[in-house]
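**Q** After the C-alpha coordinates below, expect a handful of questions from me.
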Amino acid sequence: MARRAESQFFIRFKNFYQGFSPAAHLNELTERGNEGHASKMKSVNVLVPDYITQGPGLADLTNGNQDGVVKELINFILDKAVADDETYGIGATKLFKISSTMVISDANWPHTITDCVRGESILHLKGKVYYLFNKASDGNIGLLTLPNTFDDAWKSGVLQKAPHPSAGKEDIMIFGNGRYIGVYFQNSNDLNVSKLDFGEDHEVADVIFHANQWYVAVNGGVSGSNRTIGQIYLYDGAAISSILDDEASIGLQRIGFLFVLNGVVFVAYQDLSDTAGYKIGYLAGRQIKPLVYFSSSLPTFAQKTLYKNTILFISGSLIYSCGAVTPEFPIQLSQLAKGGHATVGALAAPFGTPMVASSDGSANHRLAKFSGFDTDCEWRSIIVPTISGRLVGYISEIIILTRTLGANARCDLKLEYNQASSENEAKQITGTGKRRFVFNVGKSGIEDFRVFLNWINGNATNDCPIREIQISGHYVEK
(Lines give C-alpha, C1' and ligand atoms only; values in the text may rest on other atoms or scores of the structure.)
Protein backbone atom coordinates (compact mmCIF):
# COMPACT_ATOMS: atom_id res chain seq x y z
CA MET A 1 0.00 0.00 0.00
CA ALA A 2 2.74 2.46 1.01
CA ARG A 3 5.93 3.29 -0.89
CA ARG A 4 8.64 5.11 1.04
CA ALA A 5 11.55 7.03 -0.48
CA GLU A 6 13.77 8.63 2.15
CA SER A 7 11.38 10.81 4.17
CA GLN A 8 8.49 10.67 1.70
CA PHE A 9 5.47 8.39 1.65
CA PHE A 10 2.84 7.76 -1.00
CA ILE A 11 -0.22 5.67 -0.10
CA ARG A 12 -2.79 4.45 -2.58
CA PHE A 13 -6.27 3.03 -1.83
CA LYS A 14 -7.89 1.01 -4.61
CA ASN A 15 -9.23 -2.50 -5.37
CA PHE A 16 -12.23 -1.94 -3.12
CA TYR A 17 -13.78 -5.24 -4.24
CA GLN A 18 -12.01 -6.89 -1.30
CA GLY A 19 -14.72 -5.82 1.14
CA PHE A 20 -14.21 -5.94 4.89
CA SER A 21 -10.79 -6.51 6.42
CA PRO A 22 -10.54 -10.08 7.78
CA ALA A 23 -10.28 -8.54 11.27
CA ALA A 24 -12.98 -5.85 10.95
CA HIS A 25 -15.52 -7.89 12.93
CA LEU A 26 -13.10 -7.89 15.88
CA ASN A 27 -11.73 -4.34 15.74
CA GLU A 28 -13.09 -1.32 13.85
CA LEU A 29 -9.62 0.25 14.09
CA THR A 30 -7.83 -2.70 12.55
CA GLU A 31 -4.61 -2.34 10.58
CA ARG A 32 -4.99 -5.82 9.06
CA GLY A 33 -5.54 -5.90 5.33
CA ASN A 34 -4.45 -3.97 2.29
CA GLU A 35 -5.35 -1.04 0.08
CA GLY A 36 -8.90 -2.15 -0.71
CA HIS A 37 -10.04 -3.49 2.65
CA ALA A 38 -12.49 -1.65 4.88
CA SER A 39 -12.41 -1.42 8.64
CA LYS A 40 -16.03 -0.24 8.65
CA MET A 41 -18.71 0.32 6.05
CA LYS A 42 -22.39 1.12 5.68
CA SER A 43 -24.42 0.37 2.54
CA VAL A 44 -21.71 0.55 -0.12
CA ASN A 45 -21.37 -1.38 -3.36
CA VAL A 46 -17.99 -3.03 -3.94
CA LEU A 47 -19.34 -5.58 -6.40
CA VAL A 48 -18.10 -3.64 -9.44
CA PRO A 49 -14.36 -4.46 -9.52
CA ASP A 50 -13.15 -1.06 -10.74
CA TYR A 51 -14.66 1.24 -8.12
CA ILE A 52 -16.63 1.66 -4.92
CA THR A 53 -19.94 3.48 -4.90
CA GLN A 54 -23.21 3.93 -3.07
CA GLY A 55 -25.26 0.88 -2.22
CA PRO A 56 -28.72 0.37 -3.72
CA GLY A 57 -31.69 2.21 -2.31
CA LEU A 58 -35.09 0.66 -1.64
CA ALA A 59 -38.41 1.42 -3.30
CA ASP A 60 -41.67 -0.05 -2.04
CA LEU A 61 -43.56 -2.24 -4.48
CA THR A 62 -46.97 -0.93 -5.51
CA ASN A 63 -49.33 -1.83 -2.63
CA GLY A 64 -46.16 -2.84 -0.79
CA ASN A 65 -46.71 -1.11 2.56
CA GLN A 66 -49.36 -0.52 5.21
CA ASP A 67 -51.13 1.98 2.98
CA GLY A 68 -51.54 -0.81 0.43
CA VAL A 69 -51.99 -4.47 1.41
CA VAL A 70 -48.81 -5.27 3.34
CA LYS A 71 -50.06 -4.82 6.89
CA GLU A 72 -47.80 -7.43 8.50
CA LEU A 73 -44.22 -8.66 8.23
CA ILE A 74 -43.71 -11.06 5.32
CA ASN A 75 -41.67 -13.95 6.74
CA PHE A 76 -40.87 -15.90 3.57
CA ILE A 77 -40.85 -15.21 -0.19
CA LEU A 78 -40.62 -18.04 -2.70
CA ASP A 79 -37.30 -17.39 -4.42
CA LYS A 80 -38.43 -18.28 -7.92
CA ALA A 81 -41.15 -17.27 -10.35
CA VAL A 82 -43.90 -19.88 -10.63
CA ALA A 83 -45.33 -18.21 -13.75
CA ASP A 84 -44.60 -15.13 -15.81
CA ASP A 85 -43.87 -12.36 -13.28
CA GLU A 86 -45.52 -14.23 -10.41
CA THR A 87 -44.39 -15.55 -7.05
CA TYR A 88 -45.76 -15.82 -3.50
CA GLY A 89 -44.96 -14.74 0.04
CA ILE A 90 -46.34 -15.62 3.45
CA GLY A 91 -46.62 -13.40 6.51
CA ALA A 92 -48.07 -13.63 10.00
CA THR A 93 -51.61 -14.38 8.81
CA LYS A 94 -51.74 -13.97 5.03
CA LEU A 95 -50.57 -15.41 1.74
CA PHE A 96 -49.41 -12.76 -0.77
CA LYS A 97 -49.18 -12.85 -4.55
CA ILE A 98 -46.19 -10.82 -5.75
CA SER A 99 -44.99 -9.57 -9.13
CA SER A 100 -41.76 -7.76 -9.93
CA THR A 101 -43.47 -4.40 -9.38
CA MET A 102 -46.43 -4.92 -7.06
CA VAL A 103 -48.16 -6.89 -4.34
CA ILE A 104 -51.41 -8.05 -5.95
CA SER A 105 -54.62 -6.64 -4.49
CA ASP A 106 -57.92 -8.06 -5.76
CA ALA A 107 -60.84 -10.21 -4.63
CA ASN A 108 -58.56 -13.20 -3.97
CA TRP A 109 -55.34 -11.54 -2.80
CA PRO A 110 -53.97 -11.22 -0.19
CA HIS A 111 -55.49 -14.42 1.15
CA THR A 112 -56.16 -14.62 4.91
CA ILE A 113 -55.06 -18.07 6.13
CA THR A 114 -57.47 -19.62 8.62
CA ASP A 115 -55.95 -19.90 12.13
CA CYS A 116 -52.47 -18.87 10.95
CA VAL A 117 -50.27 -17.14 13.54
CA ARG A 118 -47.02 -17.32 11.59
CA GLY A 119 -46.27 -18.32 8.02
CA GLU A 120 -43.06 -20.33 7.65
CA SER A 121 -42.30 -21.33 4.05
CA ILE A 122 -43.73 -21.90 0.57
CA LEU A 123 -42.86 -24.56 -2.00
CA HIS A 124 -43.89 -24.85 -5.65
CA LEU A 125 -44.09 -28.46 -6.84
CA LYS A 126 -45.43 -29.52 -10.24
CA GLY A 127 -47.94 -26.73 -10.66
CA LYS A 128 -49.14 -26.59 -7.06
CA VAL A 129 -48.11 -24.27 -4.25
CA TYR A 130 -47.77 -25.61 -0.70
CA TYR A 131 -47.60 -23.22 2.25
CA LEU A 132 -46.47 -24.31 5.71
CA PHE A 133 -47.63 -22.32 8.72
CA ASN A 134 -48.03 -22.42 12.47
CA LYS A 135 -51.28 -22.17 14.40
CA ALA A 136 -51.72 -21.51 18.11
CA SER A 137 -50.52 -24.95 19.19
CA ASP A 138 -49.59 -26.90 16.04
CA GLY A 139 -49.30 -26.31 12.29
CA ASN A 140 -50.83 -26.96 8.89
CA ILE A 141 -49.74 -27.48 5.31
CA GLY A 142 -52.00 -25.49 3.01
CA LEU A 143 -52.50 -26.04 -0.72
CA LEU A 144 -52.95 -23.40 -3.39
CA THR A 145 -54.22 -24.87 -6.64
CA LEU A 146 -53.37 -22.21 -9.16
CA PRO A 147 -54.58 -19.68 -9.77
CA ASN A 148 -56.86 -18.96 -6.79
CA THR A 149 -58.17 -22.10 -5.05
CA PHE A 150 -57.07 -22.27 -1.40
CA ASP A 151 -57.24 -25.16 1.05
CA ASP A 152 -55.78 -23.92 4.32
CA ALA A 153 -56.58 -27.22 6.06
CA TRP A 154 -55.20 -29.48 3.33
CA LYS A 155 -53.09 -31.24 5.97
CA SER A 156 -54.42 -29.92 9.27
CA GLY A 157 -52.72 -30.20 12.66
CA VAL A 158 -49.94 -32.41 11.31
CA LEU A 159 -47.04 -30.06 12.05
CA GLN A 160 -45.37 -29.11 15.29
CA LYS A 161 -45.32 -25.43 16.15
CA ALA A 162 -41.78 -24.82 14.92
CA PRO A 163 -39.80 -23.40 11.99
CA HIS A 164 -40.65 -25.22 8.74
CA PRO A 165 -37.96 -24.81 6.07
CA SER A 166 -38.82 -26.77 2.95
CA ALA A 167 -37.22 -27.95 -0.29
CA GLY A 168 -38.39 -29.89 -3.32
CA LYS A 169 -37.19 -32.18 -6.11
CA GLU A 170 -39.45 -33.47 -8.90
CA ASP A 171 -42.50 -34.79 -6.97
CA ILE A 172 -40.86 -34.88 -3.50
CA MET A 173 -41.08 -32.27 -0.76
CA ILE A 174 -39.12 -32.50 2.46
CA PHE A 175 -39.55 -30.06 5.31
CA GLY A 176 -38.42 -29.31 8.82
CA ASN A 177 -40.92 -30.16 11.52
CA GLY A 178 -39.23 -29.38 14.81
CA ARG A 179 -37.11 -32.41 15.72
CA TYR A 180 -38.28 -34.23 12.57
CA ILE A 181 -37.89 -34.18 8.82
CA GLY A 182 -41.17 -34.69 7.05
CA VAL A 183 -41.53 -36.09 3.54
CA TYR A 184 -44.36 -35.73 1.03
CA PHE A 185 -44.60 -37.67 -2.26
CA GLN A 186 -46.90 -35.73 -4.55
CA ASN A 187 -47.58 -38.50 -7.07
CA SER A 188 -48.82 -40.93 -4.41
CA ASN A 189 -50.15 -38.26 -2.00
CA ASP A 190 -48.12 -39.95 0.76
CA LEU A 191 -47.19 -37.75 3.73
CA ASN A 192 -44.94 -38.70 6.64
CA VAL A 193 -44.36 -35.76 9.01
CA SER A 194 -41.75 -37.61 11.13
CA LYS A 195 -39.72 -39.56 8.57
CA LEU A 196 -36.42 -38.74 10.29
CA ASP A 197 -36.16 -38.10 14.02
CA PHE A 198 -33.16 -36.18 15.34
CA GLY A 199 -34.16 -36.48 18.97
CA GLU A 200 -35.35 -34.30 21.80
CA ASP A 201 -34.02 -30.75 22.01
CA HIS A 202 -33.18 -30.73 18.30
CA GLU A 203 -34.66 -28.57 15.58
CA VAL A 204 -34.26 -28.53 11.80
CA ALA A 205 -32.85 -25.14 10.73
CA ASP A 206 -32.76 -25.57 6.94
CA VAL A 207 -33.06 -28.13 4.14
CA ILE A 208 -31.75 -28.02 0.56
CA PHE A 209 -31.36 -30.45 -2.36
CA HIS A 210 -28.00 -30.74 -4.12
CA ALA A 211 -26.20 -33.40 -6.20
CA ASN A 212 -28.98 -35.98 -5.70
CA GLN A 213 -28.90 -35.66 -1.93
CA TRP A 214 -30.83 -33.77 0.69
CA TYR A 215 -28.79 -31.65 3.07
CA VAL A 216 -30.41 -31.15 6.46
CA ALA A 217 -29.09 -28.61 9.00
CA VAL A 218 -30.04 -29.42 12.58
CA ASN A 219 -29.37 -27.50 15.79
CA GLY A 220 -29.58 -29.23 19.14
CA GLY A 221 -28.16 -29.86 22.55
CA VAL A 222 -29.97 -27.15 24.49
CA SER A 223 -33.64 -26.27 24.20
CA GLY A 224 -34.98 -22.91 23.09
CA SER A 225 -32.96 -20.09 21.58
CA ASN A 226 -29.63 -21.33 22.98
CA ARG A 227 -29.26 -24.39 20.74
CA THR A 228 -25.53 -24.82 20.38
CA ILE A 229 -24.65 -28.06 18.58
CA GLY A 230 -24.89 -27.86 14.79
CA GLN A 231 -24.97 -30.88 12.49
CA ILE A 232 -25.42 -31.20 8.73
CA TYR A 233 -26.85 -34.53 7.62
CA LEU A 234 -26.91 -36.00 4.11
CA TYR A 235 -29.98 -37.98 3.12
CA ASP A 236 -30.66 -40.05 0.00
CA GLY A 237 -32.39 -38.13 -2.77
CA ALA A 238 -35.20 -40.70 -3.11
CA ALA A 239 -36.25 -39.92 0.50
CA ILE A 240 -37.38 -43.52 1.04
CA SER A 241 -34.86 -44.78 3.57
CA SER A 242 -34.94 -43.91 7.27
CA ILE A 243 -31.14 -44.07 7.43
CA LEU A 244 -28.91 -41.05 6.88
CA ASP A 245 -26.03 -41.23 4.38
CA ASP A 246 -23.44 -39.10 6.17
CA GLU A 247 -23.01 -36.12 8.47
CA ALA A 248 -20.72 -33.16 9.15
CA SER A 249 -20.54 -31.45 12.53
CA ILE A 250 -19.68 -27.83 13.22
CA GLY A 251 -19.49 -28.59 16.94
CA LEU A 252 -20.70 -26.11 19.54
CA GLN A 253 -22.04 -23.69 16.97
CA ARG A 254 -25.50 -22.88 15.66
CA ILE A 255 -26.51 -23.09 11.98
CA GLY A 256 -28.60 -20.39 10.31
CA PHE A 257 -28.94 -21.49 6.68
CA LEU A 258 -27.57 -23.66 3.88
CA PHE A 259 -27.07 -22.30 0.35
CA VAL A 260 -25.79 -23.86 -2.87
CA LEU A 261 -23.78 -21.68 -5.25
CA ASN A 262 -21.74 -23.00 -8.18
CA GLY A 263 -21.81 -26.56 -6.86
CA VAL A 264 -20.61 -25.60 -3.35
CA VAL A 265 -22.72 -25.88 -0.19
CA PHE A 266 -22.31 -22.75 1.94
CA VAL A 267 -23.27 -22.52 5.60
CA ALA A 268 -24.13 -19.56 7.83
CA TYR A 269 -23.34 -20.37 11.45
CA GLN A 270 -22.53 -18.83 14.83
CA ASP A 271 -20.06 -19.41 17.65
CA LEU A 272 -22.18 -18.58 20.70
CA SER A 273 -19.09 -17.92 22.82
CA ASP A 274 -18.14 -14.92 20.67
CA THR A 275 -20.31 -11.82 20.22
CA ALA A 276 -18.68 -11.34 16.81
CA GLY A 277 -18.70 -15.04 15.99
CA TYR A 278 -20.96 -15.12 12.93
CA LYS A 279 -19.51 -16.86 9.88
CA ILE A 280 -20.12 -17.94 6.33
CA GLY A 281 -18.24 -21.11 5.47
CA TYR A 282 -18.49 -24.00 3.05
CA LEU A 283 -18.86 -27.76 3.36
CA ALA A 284 -15.71 -29.72 2.47
CA GLY A 285 -16.27 -33.41 3.12
CA ARG A 286 -17.06 -33.66 6.81
CA GLN A 287 -15.59 -30.26 7.60
CA ILE A 288 -16.94 -26.71 7.57
CA LYS A 289 -14.26 -24.29 6.39
CA PRO A 290 -14.90 -20.66 7.42
CA LEU A 291 -14.58 -17.96 4.76
CA VAL A 292 -15.75 -14.64 6.23
CA TYR A 293 -16.80 -13.27 9.61
CA PHE A 294 -19.44 -10.73 10.59
CA SER A 295 -21.15 -9.43 13.71
CA SER A 296 -24.85 -8.71 14.28
CA SER A 297 -27.22 -11.67 14.06
CA LEU A 298 -27.56 -15.10 12.46
CA PRO A 299 -29.64 -15.17 9.24
CA THR A 300 -32.36 -17.79 8.83
CA PHE A 301 -33.47 -20.03 5.95
CA ALA A 302 -35.80 -17.23 4.75
CA GLN A 303 -33.04 -14.59 4.60
CA LYS A 304 -30.75 -15.65 1.76
CA THR A 305 -30.68 -15.23 -2.02
CA LEU A 306 -28.36 -14.95 -5.03
CA TYR A 307 -27.19 -11.59 -6.34
CA LYS A 308 -24.41 -11.03 -8.91
CA ASN A 309 -22.80 -14.38 -8.16
CA THR A 310 -22.71 -13.62 -4.42
CA ILE A 311 -24.85 -14.72 -1.49
CA LEU A 312 -27.04 -11.95 -0.13
CA PHE A 313 -28.19 -12.42 3.44
CA ILE A 314 -29.72 -10.53 6.35
CA SER A 315 -27.88 -9.78 9.57
CA GLY A 316 -29.67 -7.52 12.01
CA SER A 317 -31.51 -5.00 9.84
CA LEU A 318 -28.86 -4.92 7.10
CA ILE A 319 -28.18 -6.77 3.85
CA TYR A 320 -24.71 -8.26 3.32
CA SER A 321 -23.00 -9.77 0.28
CA CYS A 322 -20.57 -12.68 0.46
CA GLY A 323 -18.71 -14.07 -2.54
CA ALA A 324 -16.81 -13.02 -5.65
CA VAL A 325 -18.49 -11.52 -8.70
CA THR A 326 -15.97 -13.35 -10.91
CA PRO A 327 -13.65 -16.28 -10.09
CA GLU A 328 -10.58 -14.07 -10.59
CA PHE A 329 -11.40 -12.02 -7.49
CA PRO A 330 -11.21 -13.04 -3.84
CA ILE A 331 -14.19 -13.90 -1.66
CA GLN A 332 -15.40 -10.67 -0.11
CA LEU A 333 -17.85 -9.72 2.63
CA SER A 334 -19.50 -6.33 2.36
CA GLN A 335 -22.50 -4.54 3.80
CA LEU A 336 -24.43 -3.68 0.66
CA ALA A 337 -27.81 -2.22 1.57
CA LYS A 338 -30.34 -1.57 4.30
CA GLY A 339 -33.24 -3.88 4.97
CA GLY A 340 -35.85 -1.16 5.48
CA HIS A 341 -37.48 -1.00 8.90
CA ALA A 342 -35.70 -2.26 12.03
CA THR A 343 -37.16 -5.79 11.92
CA VAL A 344 -36.33 -7.55 8.66
CA GLY A 345 -38.17 -10.63 7.44
CA ALA A 346 -37.82 -12.34 4.08
CA LEU A 347 -35.14 -11.68 1.46
CA ALA A 348 -35.47 -13.07 -2.08
CA ALA A 349 -34.78 -12.25 -5.73
CA PRO A 350 -37.37 -14.26 -7.70
CA PHE A 351 -37.22 -11.84 -10.64
CA GLY A 352 -33.51 -10.98 -10.42
CA THR A 353 -33.77 -7.79 -8.39
CA PRO A 354 -33.60 -8.43 -4.63
CA MET A 355 -36.69 -7.63 -2.57
CA VAL A 356 -36.85 -7.43 1.20
CA ALA A 357 -39.67 -7.35 3.75
CA SER A 358 -39.47 -5.36 6.97
CA SER A 359 -41.52 -3.94 9.84
CA ASP A 360 -41.10 -1.38 12.60
CA GLY A 361 -42.86 -3.78 14.98
CA SER A 362 -45.95 -1.62 15.07
CA ALA A 363 -48.08 -0.14 12.30
CA ASN A 364 -45.52 0.21 9.52
CA HIS A 365 -44.61 -2.62 7.15
CA ARG A 366 -43.10 -2.77 3.71
CA LEU A 367 -41.99 -4.98 0.85
CA ALA A 368 -39.34 -3.12 -1.14
CA LYS A 369 -36.86 -3.85 -3.90
CA PHE A 370 -33.46 -2.47 -4.85
CA SER A 371 -33.88 0.81 -6.72
CA GLY A 372 -31.51 3.68 -7.45
CA PHE A 373 -28.82 4.59 -4.94
CA ASP A 374 -28.85 5.07 -1.20
CA THR A 375 -27.10 8.18 0.15
CA ASP A 376 -26.69 7.14 3.79
CA CYS A 377 -23.50 5.31 2.82
CA GLU A 378 -20.05 5.25 4.41
CA TRP A 379 -16.71 3.48 3.93
CA ARG A 380 -13.60 3.61 6.10
CA SER A 381 -10.24 2.13 5.15
CA ILE A 382 -8.05 0.17 7.52
CA ILE A 383 -5.77 2.15 9.81
CA VAL A 384 -2.45 3.10 8.17
CA PRO A 385 0.47 3.78 10.58
CA THR A 386 2.65 6.78 9.76
CA ILE A 387 5.30 6.42 12.46
CA SER A 388 8.90 5.62 11.62
CA GLY A 389 11.00 5.58 14.77
CA ARG A 390 10.90 9.10 16.23
CA LEU A 391 9.25 10.45 13.09
CA VAL A 392 5.52 11.00 12.52
CA GLY A 393 3.58 11.78 9.39
CA TYR A 394 2.76 15.05 7.66
CA ILE A 395 0.04 14.68 5.01
CA SER A 396 0.32 17.23 2.26
CA GLU A 397 -2.03 16.21 -0.57
CA ILE A 398 -4.92 13.95 -1.56
CA ILE A 399 -5.78 13.07 -5.16
CA ILE A 400 -9.10 11.34 -5.93
CA LEU A 401 -9.92 9.55 -9.17
CA THR A 402 -13.59 8.91 -9.99
CA ARG A 403 -15.67 7.88 -12.92
CA THR A 404 -17.11 10.79 -14.91
CA LEU A 405 -19.58 12.41 -12.51
CA GLY A 406 -23.15 13.29 -13.36
CA ALA A 407 -25.14 16.24 -12.12
CA ASN A 408 -25.31 16.54 -8.31
CA ALA A 409 -23.13 13.48 -7.76
CA ARG A 410 -21.11 13.96 -4.59
CA CYS A 411 -19.02 12.16 -2.00
CA ASP A 412 -17.31 13.82 0.97
CA LEU A 413 -13.86 12.64 2.06
CA LYS A 414 -12.23 13.02 5.45
CA LEU A 415 -9.10 11.65 7.04
CA GLU A 416 -9.49 10.30 10.57
CA TYR A 417 -6.27 10.67 12.54
CA ASN A 418 -4.58 8.98 15.49
CA GLN A 419 -6.89 6.05 16.20
CA ALA A 420 -9.83 8.05 14.76
CA SER A 421 -9.65 10.54 17.63
CA SER A 422 -9.74 13.54 15.27
CA GLU A 423 -10.49 14.32 11.63
CA ASN A 424 -9.94 16.99 9.02
CA GLU A 425 -12.56 19.10 7.29
CA ALA A 426 -14.52 17.25 4.63
CA LYS A 427 -13.30 17.53 1.03
CA GLN A 428 -16.15 17.61 -1.49
CA ILE A 429 -15.81 15.28 -4.47
CA THR A 430 -18.33 16.78 -6.87
CA GLY A 431 -18.61 18.46 -10.26
CA THR A 432 -20.46 17.47 -13.41
CA GLY A 433 -18.10 15.85 -15.91
CA LYS A 434 -15.12 15.75 -13.53
CA ARG A 435 -12.93 12.69 -12.88
CA ARG A 436 -9.91 13.98 -10.93
CA PHE A 437 -9.80 15.97 -7.71
CA VAL A 438 -6.74 17.44 -5.93
CA PHE A 439 -6.92 18.62 -2.32
CA ASN A 440 -4.23 20.26 -0.20
CA VAL A 441 -4.20 19.07 3.40
CA GLY A 442 -1.19 20.27 5.38
CA LYS A 443 -1.77 18.18 8.50
CA SER A 444 1.11 17.25 10.84
CA GLY A 445 1.54 15.08 13.92
CA ILE A 446 -0.02 12.04 12.25
CA GLU A 447 0.67 8.75 14.04
CA ASP A 448 -1.87 6.88 11.90
CA PHE A 449 -4.92 7.63 9.77
CA ARG A 450 -7.71 6.11 7.75
CA VAL A 451 -9.81 7.37 4.85
CA PHE A 452 -13.49 8.09 5.49
CA LEU A 453 -15.84 8.32 2.49
CA ASN A 454 -19.37 9.63 3.11
CA TRP A 455 -22.13 9.93 0.49
CA ILE A 456 -24.74 11.54 2.80
CA ASN A 457 -24.78 14.63 0.56
CA GLY A 458 -24.83 12.53 -2.60
CA ASN A 459 -27.53 11.87 -5.14
CA ALA A 460 -29.99 8.96 -5.39
CA THR A 461 -29.90 8.97 -9.21
CA ASN A 462 -26.34 9.93 -10.14
CA ASP A 463 -23.90 8.11 -7.88
CA CYS A 464 -20.32 9.13 -7.11
CA PRO A 465 -18.04 6.14 -7.84
CA ILE A 466 -14.48 6.32 -6.43
CA ARG A 467 -11.77 4.57 -8.44
CA GLU A 468 -8.66 5.45 -6.46
CA ILE A 469 -7.43 7.58 -3.56
CA GLN A 470 -3.80 8.77 -3.49
CA ILE A 471 -2.26 10.34 -0.39
CA SER A 472 1.15 12.02 -0.33
CA GLY A 473 3.20 13.12 2.65
CA HIS A 474 6.48 12.97 4.44
CA TYR A 475 7.96 12.27 7.87
CA VAL A 476 8.82 14.93 10.42
CA GLU A 477 10.34 14.71 13.86
CA LYS A 478 7.95 15.19 16.75
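The values are calculated or read from the model by the stated rules, or taken from the named source; none is laboratory data. None of the values given here were measured: they were computed from a predicted structure. Positions of Cβ are generated from backbone atoms using ideal geometry, with glycine treated the same way; all protein chains shown enter the neighbour counts.
**Q** Does A248 count as more than 24 Å from P22 (Cα to Cα), modelled with pLDDT under 90 and part of a strand (DSSP E or B)?
**A** For A248, the condition - more than 24 Å from P22 (Cα to Cα), modelled with pLDDT under 90 and part of a strand (DSSP E or B) - is met.
**Q** Mind checking which residues of the stretch 23-40 are crowded, with 23+ Cβ neighbours inside 10 Å and among the hydrophobic types (A, V, I, L, M, F, W, C)?
**A** A24, A38, listed by residue number.
**Q** Of the residues D60, D79, only one is surrounded by fewer than 23 Cβ atoms within 10 Å (Cβ to Cβ), within 20 Å of the chain's Cα centre (by Cα), part of a strand (DSSP E or B) and not hydroxyl-bearing (S, T, Y); which?
**A** Matching residue, one of D60, D79: D60.
**Q** Of all residues in the stretch 422-445 being among the hydroxyl-bearing types (S, T, Y) and surrounded by fewer than 16 Cβ atoms within 10 Å (Cβ to Cβ), which is nearest to V476 (Cα to Cα)?
**A** S444
**Q** Here's another thing I want to ask about it. Does the stretch 181-199 include one or more residues that are more than 16 Å from G230 (Cβ to Cβ), under 25 Å from the mean Cα position of the chain (by Cα) and surrounded by fewer than 18 Cβ atoms within 10 Å (Cβ to Cβ)?
**A** No - not one qualifying residue is present in the stretch 181-199.
**Q** Of everything in the stretch 264-280, what is of a type in the set (G, A, S) and at pLDDT 95 or above? Give them in sequence order.
**A** If the condition is that a residue be of a type in the set (G, A, S) and at pLDDT 95 or above, then A268 is the only one that fits.
**Q** Pick out the one residue from D448, D463 that is charged (D, E, K, R), buried (at least 16 other Cβ atoms within 10 Å of the Cβ) and either under 23 Å from L29 (Cβ atoms) or in contact with a helix residue (DSSP H, G or I) (Cβ under 9 Å, 6 or more places away or on another chain) (or both).
**A** D448
**Q** Output the number of the condition that V325 fails; it satisfies all remaining conditions of (1) of a type outside the set (S, T, Y); (2) crowded, with 24+ Cβ neighbours inside 10 Å; (3) under 26 Å from G33 (Cα atoms).
**A** The single condition V325 does not satisfy is (2).
**Q** If you take the residues in the stretch 84-102 that are closer than 30 Å to T326 by Cα and among the small types (G, A, S), which one is surrounded by the fewest Cβ atoms within 10 Å (Cβ to Cβ)?
**A** Here the residue is S100.
**Q** Tally up the residues in the stretch 129-180 that are over 28 Å from the mean Cα position of the chain (by Cα), part of a loop (DSSP other than H, G, I, E, B) and among the aliphatic types (A, V, I, L, M), please.
**A** Selection size over the stretch 129-180: 2.
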